[in-house]
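The values are calculated or read from the model by the stated rules, or taken from the named source; none is laboratory data. Because the structure is a prediction, the values reported are computed rather than measured. Cβ: placed from backbone, ideal geometry, glycine included. Neighbour counts: every protein chain shown. For the accessible areas, the whole protein counts, side chains as well, though only heavy atoms, and no ligand, DNA or RNA atoms are used. Shrake-Rupley method; radii C 1.70, N 1.55, O 1.52, S 1.80 Å.
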Amino acid sequence: MAIRIPPTLGLTRPGPSNAPKITFAAKDTDVLEWNGDLLAVGVTEKDVVKDDNNNFTNPLLQKLDALLGGLLAEASSEEDFSGKSGQAIVLRVSGLSFKRVGLFALGQSASRAAAFVGLGEAIAAAAQASRAVSVAFALAFSADLSDEWKPAIASSIAIGIVNGIFDDNRYRSNPKATVLQSVDVLGLGSGAAMIKRLKYAQYVSSGIVFVRELVNSPANILTPGQLAAEVLNLTRNYSDVLSARIFDEEEIIEMKMGSYLGVTAAATANPPKFIHLCYKPPSGSVSAKLGLVGKGITFDSGGYNLKAGSGSNIETMKNDMGGAGAIFGAAKAIAEIKPLGVEIHFVVAACENMISATGMRPSDIVTAANGKTIEVNNTDAEGRLCLADALIYTCKQGVDKIIDLATLTGACITALGPSVAAAFTPSEELANEVLSAAERSGEKLWRLPIEESYWESMKSGVADMVNTGPSQGGAITAALFLKQVNINFIFLELSEKEKSYLPSLLFFHSSFYVFTNKNELLNKLSF
């Protein structure tokens, strides 16, 4: 008798999404006259400099401190608040139009988007701690900013606030609702450009929340089938620009995706789902086609090379679909923004990497969709096997360029730590475009070399290649493996932090923008 596997192990069902519902508005209200719960002021080290009488020299802080009777200057001295990045001071006040006022430090200067996203997250933490319903933010140095940059800066701060305030309560028996309802932008303008940017920030934030909910979901909930169902739900909500096709196991066999099937077909009760989501603009012609490929391993046990023992991190392996989550979050945001001129193909070979008597064994040989044969010398290097067939499929869609997002190797974390993503590409042009965009948007991204000589270690005595090389340079050999199936792509290996956000650089067209791990679709590129 066949064992019946319940659709959701453990009788768990997620509650409804508690994505923050915050209204952002740009106002010309004087900072000192704003009425609400928390007035947050971003400052640099220069802004908090005081004269010999312990008075701020910055005009805004002078006025604010005068309103408070010198309390702000006094408290900042007592708490050694010098404006160093990450510092914050929040005071409860009475008799004024606002209940609390806070200074939030940006360090020596504030020139990168990442700093403003971080400022938003710090403001969110203070708002959450004080149960603030209404918040306003201003910058002590706003007079020094060009009108061109003010909307982008406000957008970054807004995105940071949503990031910081969001708390995934879907699996708690007594969830707490988000209290924050409104955020006002003061002193940065209130014209059409600002309104557009704040709306844009809300679209991007909705994508980020979607990613975080996907990545947070446990493997007994987010199976390959459920991931496919989430994608179909996206197409229902955005049917004007999104369509999807979900391939089942029989169709995957017909497409000769043996590398992908070797990981999943015989080793799990949850069948694989090959997901192809497509964005087409609502009007106009298409001048470019992009492919976004994400790793979609909804749980990675390691297979027969089982993740075992201290430091194996098997309990975090629900996160191994972070790349897939990233591109589907991008799809949600893109469907809201509706950029013109580009067609985008989002491709994921979703599956689990489990153990069974019929599962893939070390020394097995699998055949990818392009006919390349692969000797599996490590069943825990499964992501590249799935990505190989996904990349081959994406190439056949006629895309111009491909961005591949994955949580592929521990070697990358060893090299760059938990907060920096790695980039690999054989294309100097694409590398320059992506790294330039990363610098302008605050993305923590570092290009690592594709050292061709290392490919010698990936050759097999019985097949075209093995799926892993020696322990040294493991991230590089993973990139070399993927390079065999694509000529114009960039592979981004996500950091630990990025698994929970909207990771790394995803492009769409208006010209082109870059979608970063912490969430900005900020910078135009021209391909």
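The conditions of being closer than 22 Å to R131 by Cβ, in a strand (DSSP E or B), among the small types (G, A, S) and modelled with pLDDT of 95 or more are met by A40.
A count restricted to the range 233-267 and to residues that are modelled with pLDDT under 95, outside any helix (DSSP H, G or I) and touching an Asp or Glu at 6+ places or on another chain (Cβ under 9 Å) stands at 2. Identify all residues within the range 283-315 that are of a type outside the set (K, R), open to solvent by 60 Å² or more (accessible area, probe 1.4 Å) and more than 25 Å from Q226 (Cβ to Cβ); write none if there are none. Once the filter is applied, which keeps residues that are of a type outside the set (K, R), open to solvent by 60 Å² or more (accessible area, probe 1.4 Å) and more than 25 Å from Q226 (Cβ to Cβ), the range 283-315 yields S283, G284, S285, V286, S287, Y304, A308, S310, G311.
Pairing residues of the range 6-31 that are more than 22 Å from A124 (Cα to Cα) and in a loop (DSSP other than H, G, I, E, B) with residues that are at pLDDT below 90 and not hydrophobic (A, V, I, L, M, F, W, C), at Cβ distances under 7 Å and at least 6 apart in sequence or on separate chains, gives G15/P175.
Name the residue that is modelled with the highest pLDDT, counting only residues in the range 92-124 that are in a loop (DSSP other than H, G, I, E, B) and closer than 24 Å to F166 by Cβ. Applying the filter and picking the extreme gives L106.
Residues of the range 359-388 that are farther than 18 Å from V293 by Cβ, among the hydrophobic types (A, V, I, L, M, F, W, C) and assigned to a loop (DSSP other than H, G, I, E, B): M360, V376. For the range 154-165, a residue qualifies if it is modelled with pLDDT of 95 or more and either surrounded by fewer than 24 Cβ atoms within 10 Å (Cβ to Cβ) or touching an Asp or Glu at 6+ places or on another chain (Cβ under 6 Å) (or both), and exactly one does: I165. For D380, indicate whether it is among the charged types (D, E, K, R), under 20 Å from L242 (Cα atoms) and open to solvent by 30 Å² or more (accessible area, probe 1.4 Å). Answer is no for this residue.
Yes/no per residue for (1) farther than 19 Å from M321 by Cα; (2) open to solvent by less than 10 Å² (accessible area, probe 1.4 Å); (3) not in a strand (DSSP E or B):
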| site | (1), (2), (3) |
| --- | --- |
| P175 | yes, no, yes |
| D184 | yes, no, no |
| K199 | yes, no, yes |
| V204 | yes, yes, yes |
| V231 | no, yes, yes |
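For I355, the stated conditions do not hold, so it cannot be described as touching a residue at least 60 places away in the same chain (Cβ under 8 Å) and buried (at least 24 other Cβ atoms within 10 Å of the Cβ). Put simply, of A143, A132, A125, A152 the only residue that is among the hydrophobic types (A, V, I, L, M, F, W, C), in contact with a Lys or Arg (Cβ under 8 Å, 6 or more places away or on another chain) and farther than 19 Å from N35 by Cα is A152.
Residues of the range 43-74 that are part of a loop (DSSP other than H, G, I, E, B), within 20 Å of L188 (Cα to Cα) and open to solvent by 70 Å² or more (accessible area, probe 1.4 Å): K46 alone.
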